[in-house]
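The values are calculated or read from the model by the stated rules, or taken from the named source; none is laboratory data. A quick note: this is a predicted structure, and the numbers were derived from the prediction, not measured. Cβ sites come from the backbone with ideal geometry, for glycine too, and all protein chains shown count toward neighbours.
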Amino acid sequence: MQIKIKEIETNILLKTFVLFSILLLLPVSEIFIVPQELDDGSLQNFSLFLVFYIFITFFILNQLHMFKSQKYYFFEKLVPDNILILLSLVSFFIFLSFVMKYIHSIPDILIFASKYRQGFYKGSGIFTYPILIIMPSLLAVIVLKQYKISYGFYIASFLVLLATVIVGLRIYLFPIVFLFLIRMLIFAKTSKFLIISMLLFVIMFFYKYLLNPNVEDMSILEIIGYMFGRSNFRSILYFNGFEIGFDELKCMIFPINQLFDCTTAQFKENFLSYNPKIPIGMPFISLYSGVAIAIPKILYNIGSPIFLSFIVPYFMGIIFLLKNILKSKNIYSMIFSINIFILLVMALLEDVAAFNKIFPMMVISFLIAILFWIVNRKYRLKRRKTI
């Protein structure tokens with residue numbers, strides 16, 4: 001690859017481990033809001049063992065000298081700003097050509113977003129995929145491996161943000177936001193990272209307090225619990241002697257579930273339907289397919305706190321993958337690794353359904369690799385002419 005490479009020495013793996021640990025432990029905040037009818041001890045038990053396994057992971061990685069300061073490599077410029085802006089504008093206008101058929105006023109945005117989340121607009125992927133899937137994947141590679149972020153990145157990210165607001169699904173921003181946090185840990189001072197994180201927390205707090213009438217009579221601790229308890233661990237965590245069985249796991253991940261003629265939605269329905277806490281804690285749920293079930297929930301419910309120990313090798317694998325990405329000088333293999341990394345993180349923190357996106361993300365990674373090859377080829381040709 002002809003693009004210039006910059007070298008930085010940092011202990012980013014230690015900082016990232018701390019960030020991961022904090023995100024994994026956010027469900028602990030739900031202890032402050034768990035109602036008596038849901039308080040069967042599962043959340044407390046889960047939290048205690050999760051802390052224990054995080055400490056084990058830290059000990060093993062530290063023994064392997066993973067947390068010491070090391071040299072990592074970043075590309076000077078992956079995509080020119082004009083190309084990045086052009087791609088994002090084309091993607092956004094394709095998206096608008098579909099959206100404007102249904103939105104004619106500001107209230108229509110809320111109606112559209114609600115219907116979109118419920119899968120009302122079948123066949124809309126050809127219009128939404130470029131701005132909601134492809135562009136975030138491209139921007140994720142740039143934010144993690146480009147040495148300096150330029151105005152083209154921010155313009156493209158803003159257009160992606162607008163699209164996610166319109167459809168009402170913030171999950172599409174996850175690759176950009178999460179890798180931006182890791183980038184800050186690399187390039188920014190810890191104090192700056194903490195200040196920005198606190199500002200985001202304050203904004204979330206006041207948004208929840210001022211705009212949600214359901215929290216007006218709550219204490220500060222209860223509001224914080226609801227802010228970080230959106231995954232509803234208090235309702236979903238429930239172990240009852242291996243009742244669900246390991247056979248249900250065959251429906252969890254595509255394409256394995258296709259061999260057994262079942263889907264991830266069926267897995268979620270089977271996984272949740274046996275849980276007597278669901279009707280109490282989540283009475284508003286009509287379709288189980290929309291419930292986010294992260295890997296820790298599955299491990300705890302299927303195999304008790306003992307099976308939660310599988311978090312240790314999974315967590316270690318993510319840290320090792322991040323190390324290889326940051327040390328990589330091969331831009332093409334790096335693209336595939338970053339998208340796999342994002343899916344692994346999403347399955348751990350958000351929803352196991354992220355695994356279903358592995359094959360589509362490989363296709364997207366291939367398209368991004370072609371884009372980088374074209375950009376690099378033009379760079380070489382331009383360099384030869386100047387010489």
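Hey, can you tell me all the residues within the range 259-316 that are among the polar types (S, T, N, Q), in contact with a helix residue (DSSP H, G or I) (Cβ under 8 Å, 6 or more places away or on another chain) and over 14 Å from ASN232 (Cβ atoms)?
Listed by number, the residues that qualify are THR263, THR264, GLN266, ASN270, SER273, SER289, SER309.
Looking only at the range 63-100, how many residues end up being of a type in the set (S, T, N, Q) and in a loop (DSSP other than H, G, I, E, B)?
Going through the range 63-100 one residue at a time, the tally reaches 1.
Please find, among ILE131, ILE171, ILE103, ILE203, the residue that is surrounded by fewer than 19 Cβ atoms within 10 Å (Cβ to Cβ), out of contact with any His (no Cβ under 6 Å at 6 or more places or on another chain), at pLDDT 80 or above and part of a helix (DSSP H, G or I). Full working, then the answer.
Working: ILE131 fails: surrounded by fewer than 19 Cβ atoms within 10 Å (Cβ to Cβ); ILE103 fails: part of a helix (DSSP H, G or I); ILE203 fails: at pLDDT 80 or above.
The conditions single out ILE171.
Every residue in the range 20-42 that is crowded, with 18+ Cβ neighbours inside 10 Å and at pLDDT 85 or above, please.
Once the filter is applied, which keeps residues that are crowded, with 18+ Cβ neighbours inside 10 Å and at pLDDT 85 or above, the range 20-42 yields PHE20, LEU24.
Go through ILE85, ILE109, ILE94 for me and flag whichever is assigned by TED's automatic domain parsing to the domain that holds TYR151, surrounded by 13 or more Cβ atoms within 10 Å (Cβ to Cβ) and touching a residue at least 60 places away in the same chain (Cβ under 8 Å). Break it down into steps so the answer makes sense when it comes.
Working: ILE109 fails: touching a residue at least 60 places away in the same chain (Cβ under 8 Å); ILE94 fails: touching a residue at least 60 places away in the same chain (Cβ under 8 Å).
Within the list ILE85, ILE109, ILE94, the selection yields ILE85.
Could you tell me whether any residue of the range 7-14 is in a loop (DSSP other than H, G, I, E, B) and more than 26 Å from the chain's Cα centre (by Cα)? Even if it seems obvious, please write down each step before you answer.
The initial filter retains those residues of the range 7-14 that are in a loop (DSSP other than H, G, I, E, B), namely 11.
Subset that is more than 26 Å from the chain's Cα centre (by Cα): none.
Among the residues of the range 7-14, not one is in a loop (DSSP other than H, G, I, E, B) and more than 26 Å from the chain's Cα centre (by Cα), which makes the answer no.
Kindly indicate the residue of the range 174-199 that is of a type in the set (D, E, K, R) and part of a helix (DSSP H, G or I) and also farthest from LEU19 (Cα to Cα) among those meeting that condition.
LYS192
Does LEU326 satisfy being among the aliphatic types (A, V, I, L, M), surrounded by 21 or more Cβ atoms within 10 Å (Cβ to Cβ) and more than 30 Å from GLU7 (Cα to Cα)?
So LEU326 fails the test.
Just checking: which of the helices (runs of 4 or more DSSP H) contained wholly in the range 254-332 hold 1 or more residues that are at pLDDT 80 or above? Steps first, answer last, please.
On the way: elements: 256-259, 264-273, 278-281, 295-307, 311-327.
It comes to 264-273, 295-307, 311-327.
For residues in the range 349-372 being more than 14 Å from the chain's Cα centre (by Cα) and of a type in the set (Phe, Trp, Tyr), which is surrounded by the most Cβ atoms within 10 Å (Cβ to Cβ)?
PHE372
If VAL79 meets every condition in (1) closer than 30 Å to VAL18 by Cα; (2) surrounded by 14 or more Cβ atoms within 10 Å (Cβ to Cβ) apart from one, which number is that one?
Unmet for VAL79, out of (1) closer than 30 Å to VAL18 by Cα; (2) surrounded by 14 or more Cβ atoms within 10 Å (Cβ to Cβ): (1).
For SER337, are the conditions met, namely being among the polar types (S, T, N, Q), outside the structural domain of PRO27 (by TED's automatic domain parsing) and assigned to a helix (DSSP H, G or I)?
Details: among the polar types (S, T, N, Q): yes; outside the structural domain of PRO27 (by TED's automatic domain parsing): yes; assigned to a helix (DSSP H, G or I): yes.
Yes; evaluated as a whole, the condition is true for this residue.
Take the residues in the range 273-324 that are more than 30 Å from TYR73 (Cα to Cα) and polar (S, T, N, Q); name whichever of them is nearest to the chain's Cα centre (by Cα).
That would be SER289.
Which of (1) within 25 Å of the chain's Cα centre (by Cα); (2) assigned by TED's automatic domain parsing to the domain that holds ILE142 is the odd one out, the single condition TYR53 does not satisfy?
Only one criterion in (1) within 25 Å of the chain's Cα centre (by Cα); (2) assigned by TED's automatic domain parsing to the domain that holds ILE142 is unmet by TYR53, namely (2).
In this structure, is ILE338 closer than 30 Å to LYS77 by Cα, out of contact with any strand residue (DSSP E or B) (no Cβ under 8 Å at 6 or more places or on another chain) and either at pLDDT 90 or above or among the β-branched types (Val, Ile, Thr) (or both)? I'd like the intermediate steps shown before the answer.
Numbers: closer than 30 Å to LYS77 by Cα: yes; out of contact with any strand residue (DSSP E or B) (no Cβ under 8 Å at 6 or more places or on another chain): yes; either at pLDDT 90 or above or among the β-branched types (Val, Ile, Thr) (or both): yes.
It is true that ILE338 is closer than 30 Å to LYS77 by Cα, out of contact with any strand residue (DSSP E or B) (no Cβ under 8 Å at 6 or more places or on another chain) and either at pLDDT 90 or above or among the β-branched types (Val, Ile, Thr) (or both).
Among the residues of the range 36-48, are any in a loop (DSSP other than H, G, I, E, B) and within 23 Å of the chain's Cα centre (by Cα)?
No, every residue in the range 36-48 fails to be in a loop (DSSP other than H, G, I, E, B) and within 23 Å of the chain's Cα centre (by Cα).
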